[in-house]
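Participant: Sending over a structure as structure tokens; questions will come in a sec.
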Amino acid sequence: MKTLIAISSTIALAAILFGCASIQPGANPLIVRAEQAETSAKASFDLVLHLDNSNRDLFQTKVPAFHEFCQWLRQPQTVEQTNVLPRASAMLVQLDDVKLAYKSSLADSNALMTAIIVVETTAEQASAWLTVTTNLTK
């Protein structure tokens, strides 16, 4: 439990630091936002999946919707035509691919913004579930 609290605190601190950090001169704000989304989402996904793995029986019976969300994050997805990854990882890879395409002028800002929103929305769901499950395990 102490580890969970430490990890949650680290994520919250990172969100505050990344959210309030000024953008370096010449940096593209959309690229910066994509990189922030990748970093914070990875931490959120890793934490909810670790939490669910740590006590699946409890979450399957007490919070089945949380467990189903975690199972959804684990579902295999094909990315880059040949790689099969869990959905959580696949979303991050797809965001990174669109970010790189945008940097190379092969994708427009709408495509990158859409990819960012998908990742951020899913990470927000993960964070909401962390609040629910952390209160449950106290």
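The values are calculated or read from the model by the stated rules, or taken from the named source; none is laboratory data. Keep in mind that this is a model prediction, so the values were computed, not measured. Ideal geometry is used to build each Cβ from the backbone, glycine not excepted, and the neighbour counts take in all protein chains shown.
Participant: So how many residues does segment 115-137 have that are surrounded by 14 or more Cβ atoms within 10 Å (Cβ to Cβ), without any contact (Cβ under 8 Å) to a residue 60 or more places away in the chain and not aliphatic (A, V, I, L, M)?
Facilitator: 1
Participant: Restricting the search to segment 61-79, which residues are in a loop (DSSP other than H, G, I, E, B) and loosely packed, with under 14 Cβ neighbours inside 10 Å?
Facilitator: GLN75 - this is the single residue of segment 61-79 that is in a loop (DSSP other than H, G, I, E, B) and loosely packed, with under 14 Cβ neighbours inside 10 Å.
Participant: Sticking with this structure for a sec: Which residue, of LEU92, LEU58, is modelled with pLDDT of 95 or more and part of a helix (DSSP H, G or I)?
Facilitator: The match here is LEU92.
Participant: Residue by residue through segment 80-95, note down the ones that are surrounded by fewer than 17 Cβ atoms within 10 Å (Cβ to Cβ) and over 23 Å from ASN53 (Cα atoms).
Facilitator: GLU80, GLN81, THR82, ASN83
Participant: Hey, another quick one. With the requirement that a residue be more than 21 Å from HIS67 (Cβ to Cβ) and assigned to a helix (DSSP H, G or I), what does segment 27-47 give you?
Facilitator: Matches in segment 27-47: PRO29, LEU30, ILE31, VAL32, ARG33, ALA34, GLU35, GLN36, ALA37, GLU38, THR39, SER40.
Participant: Moving on. All but one of (1) closer than 18 Å to PHE45 by Cβ; (2) not in a helix (DSSP H, G or I) hold for ALA107, so report the exception by its number.
Facilitator: With respect to (1) closer than 18 Å to PHE45 by Cβ; (2) not in a helix (DSSP H, G or I), ALA107 is out only on (1).
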